[in-house]
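Some notes on the structure that comes next.
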């Protein structure tokens, strides 16, 4: 059996019309209800959600505390596994993970200021300085870290003076001899299994690089850059590598040191004006890294384009 109050609540409410029904929904003076709930009901509802979201927030804070307590910030929590056996250098280096390209770091390219499929360097036969300023600023920003006195105290400080002409502005961009810079992207605890002068070198390694490897006693991650096609090879001109066509292996592995700076190889294209004298000609350069544990299927590509402003001026 129900009490009288129950039956009173079951009595249909008198229809006051659409507008008056809405006003009664906002505030019912008879029951002292706001939005069809009394203050007691609103208090019960608020207490429920306060407890509910308080519990959720407490679980979230607890999860964050456990994460920060147990996960270090000096190294990645999840890493790919790979074999570090020195003996593997004699035969072949075979990572445990079949996804080979995820194991070694990729090549970084500076200055990369154009959003495109491959980084691109625009040169202008009229030698307009405004065209080169973007590249110069990007290179300045990149090299400023190497000029910072804080980093000079690092045991693995890389002296950019070794880059010769490519260590000082305007980095050849006013002379149509642009400098571009290659470095390895950081991959935690990756160590190169390098080729040395006694190694059996790959048949597809460029002949000039083979000669350099066999004549150098210091270990390097070697770098070679060629044209992507025979046409590109014929028109890219002569490339100089500064300080050498390789990155010293003593900079690896990267272990999360906050002052770590990657070694750099600078490329100078010495005679682009001669080989790109025809306006609006594009060449594509392909750069590979060389070590036993570096995948050759994912080289770095970038492009050089000789822009002709005359067509735009005549429009």
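The values are calculated or read from the model by the stated rules, or taken from the named source; none is laboratory data. These numbers come from a predicted model, not from an experiment. So basically every Cβ, Gly included, is an ideal-geometry build from the backbone, and we count neighbours across all protein chains shown.
Which residue is farthest from residue 39 (Cα to Cα), if the candidates are limited to the stretch 15-25 and must be under 60 Å from the mean Cα position of the chain (by Cα) and surrounded by 11 or more Cβ atoms within 10 Å (Cβ to Cβ)? Can you show your working first?
Start the filter on the stretch 15-25 by keeping residues that are under 60 Å from the mean Cα position of the chain (by Cα), which leaves 22-23, 25.
Still in the list and also surrounded by 11 or more Cβ atoms within 10 Å (Cβ to Cβ): 23, 25.
Numbers: 23: 17, 25: 14 Å.
Within the stretch 15-25, the match that is farthest from residue 39 (Cα to Cα) is 23.
Give me the pairs: first residue in the stretch 26-37 and free of Cβ contacts under 8 Å to residues at least 24 places away in the same chain and on the phi > 0 side of the Ramachandran plot, second residue in a strand (DSSP E or B) and surrounded by 10 or more Cβ atoms within 10 Å (Cβ to Cβ), beta-carbon distance under 8 Å, and six or more apart or on different chains, which are they?
32/38; 36/28
What are the residues in the stretch 111-141 that are part of a helix (DSSP H, G or I), surrounded by fewer than 16 Cβ atoms within 10 Å (Cβ to Cβ) and modelled with pLDDT under 80, if any?
Passing the criteria: 129, 130.
Please name all residue pairs, on different chains or six or more residues apart, with Cβ atoms under 6 Å, provided the first residue is in the stretch 279-303 and is at positive phi and in contact (Cβ under 8 Å) with a residue 24 or more places away in the chain and the second residue is part of a loop (DSSP other than H, G, I, E, B) and surrounded by fewer than 19 Cβ atoms within 10 Å (Cβ to Cβ).
Hits for this filter: 280/308.
Among the residues of the stretch 238-253, which ones are part of a loop (DSSP other than H, G, I, E, B) and either modelled with pLDDT of 95 or more or under 22 Å from residue 111 (Cβ atoms) (or both)? Full working, then the answer.
Taking the stretch 238-253 as the starting set, the residues that turn out to be part of a loop (DSSP other than H, G, I, E, B) are 238, 243-245, 252-253.
Answer for the stretch 238-253, where residues must be part of a loop (DSSP other than H, G, I, E, B) and either modelled with pLDDT of 95 or more or under 22 Å from residue 111 (Cβ atoms) (or both): 238, 243, 244, 245.
Just the residues that are out of contact with any strand residue (DSSP E or B) (no Cβ under 7 Å at 6 or more places or on another chain) and either crowded, with 17+ Cβ neighbours inside 10 Å or within 20 Å of residue 212 (Cα to Cα) (or both), please, taken from the stretch 227-243.
238, 243
Does residue 172 qualify as being assigned to a helix (DSSP H, G or I), over 25 Å from the mean Cα position of the chain (by Cα), farther than 20 Å from residue 104 by Cβ and touching a residue at least 24 places away in the same chain (Cβ under 8 Å)? Don't jump to the end; show me each part of the working.
Working: assigned to a helix (DSSP H, G or I): no; over 25 Å from the mean Cα position of the chain (by Cα): yes; farther than 20 Å from residue 104 by Cβ: yes; touching a residue at least 24 places away in the same chain (Cβ under 8 Å): yes.
Criteria not met by residue 172.
Taking the criterion of being within 27 Å of the chain's Cα centre (by Cα), free of Cβ contacts under 8 Å to residues at least 24 places away in the same chain, surrounded by fewer than 21 Cβ atoms within 10 Å (Cβ to Cβ) and not in a strand (DSSP E or B), would at least one residue in the stretch 254-261 satisfy it? If you could, list the steps in order and put the result at the bottom.
Keep residues of the stretch 254-261 that are within 27 Å of the chain's Cα centre (by Cα), which gives 254-261.
This time we only want the ones that are free of Cβ contacts under 8 Å to residues at least 24 places away in the same chain, so: 258.
Going one step further and asking which of them are surrounded by fewer than 21 Cβ atoms within 10 Å (Cβ to Cβ), we end up with 258.
Applying the additional criterion that residues be not in a strand (DSSP E or B) yields 258.
Scanning the stretch 254-261, I find at least one residue that is within 27 Å of the chain's Cα centre (by Cα), free of Cβ contacts under 8 Å to residues at least 24 places away in the same chain, surrounded by fewer than 21 Cβ atoms within 10 Å (Cβ to Cβ) and not in a strand (DSSP E or B), so the answer is yes.
Out of the residues in the stretch 142-159 meeting the condition of being under 23 Å from residue 222 (Cβ atoms) and at pLDDT below 90, tell me which one is surrounded by the most Cβ atoms within 10 Å (Cβ to Cβ).
158
When the stretch 197-224 is examined, which residues are found to be more than 14 Å from residue 287 (Cα to Cα) and under 30 Å from the mean Cα position of the chain (by Cα)?
Answer for the stretch 197-224, where residues must be more than 14 Å from residue 287 (Cα to Cα) and under 30 Å from the mean Cα position of the chain (by Cα): 202, 213, 218, 219, 220.
Can you tell me which residue among 30, 74, 3 is modelled with pLDDT under 80, over 30 Å from residue 288 (Cβ atoms), in contact with a helix residue (DSSP H, G or I) (Cβ under 9 Å, 6 or more places away or on another chain) and loosely packed, with under 11 Cβ neighbours inside 10 Å? Break it down into steps so the answer makes sense when it comes.
Details: 74 fails: in contact with a helix residue (DSSP H, G or I) (Cβ under 9 Å, 6 or more places away or on another chain); 3 fails: in contact with a helix residue (DSSP H, G or I) (Cβ under 9 Å, 6 or more places away or on another chain).
Being modelled with pLDDT under 80, over 30 Å from residue 288 (Cβ atoms), in contact with a helix residue (DSSP H, G or I) (Cβ under 9 Å, 6 or more places away or on another chain) and loosely packed, with under 11 Cβ neighbours inside 10 Å holds for just one of 30, 74, 3, which is 30.
Can you report the number of residues in the stretch 262-289 which are in contact with a helix residue (DSSP H, G or I) (Cβ under 8 Å, 6 or more places away or on another chain), modelled with pLDDT of 85 or more and either under 15 Å from residue 190 (Cβ atoms) or assigned to a loop (DSSP other than H, G, I, E, B) (or both)?
Looking only at that region, the number is 3.
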